[in-house]
1. I need the peptides 347-356, 149-158 ranked by packing, meaning the mean over residues of other C-beta atoms within 10 angstrom, with the highest value on top.
2. Which whole number in µm²/s is D for the chain by Stokes-Einstein, with the Kirkwood Rh taken over Cα pairs at 25 °C and 0.890 mPa s?
3. Set Lys and Arg Cβ to +1 and Asp and Glu Cβ to -1, take the dipole of the chain about its Cα centre, and tell me which of Ser58, Leu412, Gly79 lies farthest positive.
4. HN-Hα J couplings of the range 273-290 from phi, Karplus 6.51/-1.76/1.60, θ = phi - 60°, integer Hz, Gly and Pro as x?
5. As a quick test, which of the pairs Lys146/Lys263; Lys327/Lys479; Lys341/Lys376; Lys263/Lys452; Lys341/Lys372; Lys372/Lys479 have an alpha carbon distance above 22 angstrom in this structure?
6. For the chain, give the share of DSSP beta bridges that are antiparallel, in percent and rounded to the nearest 5; count only bridges with both residues there.
7. Would you give the gap between the C-alpha center of the range 163-221 and the C-alpha center of the range 341-385, rounded to a whole Å?
8. Show me the ranking of peptides 221-227, 405-411 by mean Cβ neighbours inside 10 Å, starting with the highest.
Amino acid sequence: MVSRVIPVDPFDLVIFGGTGDLARGKILPALYRRWRAGQIPPGARVIGAARAAHDDESYRVLVGQVLAAADGGPDELAGFLRIVAYQRIDVAADAGWEALAARLADGAGRVTAYYFSVAPGLFGSLAARLQAHGLAGEGARVVVEKPFGNDLASARRLNRDLAAHFEESQIYRIDHYLGKETVQNLMAVRFGNMLFEPLWNSQYVDHIQITVAETVGVGGRGAYYDGAGAMRDMVQNHLMQLLCLIAMEPPARFAPDELRDEKLKVIRALDPVKPHHIVRGQYEQESCGYRAAVGNPRSRTESYIALRTHISNWRWAGTPFYLRTGKRLVARSSVINVMFKDAPHSIFGAEAGRHANVLSIRLQPNEGITLKVTIKEPGPGGMRLVDVPLDMSFAEALGAEEHDRPDAYERLIMDVIRGNQTLFMRGDEVEAAWAWTDPIIAGWEARGDVPKPYDSGSTGPGDAELLMQRDGRRWQGIKP
Ligand code: BG6
């Protein structure tokens, strides 16, 4: 299946922090891939903006080095570099702003996106300077990344700082999980099929498990991560978004505010999490465990968290949602398991065995869907039941090569240019997520909670198994 590429209109994209890690690691490679796909027209401009003493030429050399390992021939790269430019600027002072405004004046009337790839502490002054230099007009869009605040108070401050200069319709808050193809597929599976929706409630669903397991550790981000932990780094945003998409009511239309209204209702309906429904862990490893990796021998930050929560609404009352995520686990695997209830009565008798249906939606890797159904064990010997997987791999079924599909950043950046906010978080959504998260963190801080150690390469701390066992349930395995 060949993906259709519809070119966008010429645009200007200014990357504040244009020499930083995010620009090098994600934004520039994503733009280059869209260029190669023919989606970005030659009239577009990508302007790196930072304090470093570059000019257009030396920045192009840097970008060329960054993209050297990417697929694509020299002509494609040369073509892309022709749309790249550089503006030396101080985002927290006045230097460079007049020159930026003069450059952008050439593109008056087109969409101009400002990617705030800088520390959140600078968002306010950046937004103010853009407006002061006449750059916050109608075609202007602001892109911000997580972490969007560290708690409710700081998220509110950021929202206020941005709202002072931009309309909500101009602000694009990225949660890159929403840009993942399979995360959007959650909605297609739920709302494009008649099959599942009638069963999608507490009457038929016993519980739901959301797992985002990683094999990587904290890498070079120790300082940030140790101040955040898995709760702020993953649960407040990525897992929360997955929870919303799996639990929300069908919006009337797949449109930004309709979708975000429904997600917000889910977050607001979340119960507070009880202390005994949370398990925090920290990985241990002989050479470099978590504490060594972050350079904090006494760290109490969690690199793993499992918790049980409830959504107090008509659809989900009584159905627990179990969330877990962690670093340095046995496999990289993001999967949502919808665990259906047992059939109410077995006509085959106890000796035949009973198996509940499980719908597994694999988000990454090996994206696809598996539905476990119960059948008769083949052969003689009476009626014995077994469960077998109805397994569908999206790659096999759709034939699309991995490299043909835009990754999350590619899709989201193009959505910014197209002006489609559907896959971005609204300010009130982020605040509601923090309002749920804050008391959980405050609770363990007040209790002086110390995360449970777990072995690197394992499935996490044993207490996470107990969390399930106490409820008479089990986690599904973490498989690559
Ligand atoms: C980021 C987190 O937002 O998401 C990282 O800060 C995490 O800690 C990453 O590793 C996971 O993203 P992905 O796309 O690899 O699942």
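1. 149-158, 347-356
2. Values: Rh = 24.2 Å.
In µm²/s, the coefficient rounds to 101.
3. Leu412
4. Once θ is set to phi - 60°, the couplings for the range 273-290 become 8, 6, x, 7, 9, 10, 10, 10, x, 9, 6, 10, 7, 4, 7, 8, x, 4 Hz.
5. Where the Cα-Cα span goes over 22 Å, the pairs concerned are Lys263/Lys452.
6. 55 percent
7. Result: 27 Å between the Cα centres.
8. Order by mean packing, descending: 405-411, 221-227.
Here, each number is a calculation from the coordinates, and none is a lab measurement. Note that the coordinates shown come from a computational prediction; the quantities given were computed from them, not determined experimentally. Backbone-built Cβ (ideal geometry, glycine too); neighbour counts: all protein chains shown.
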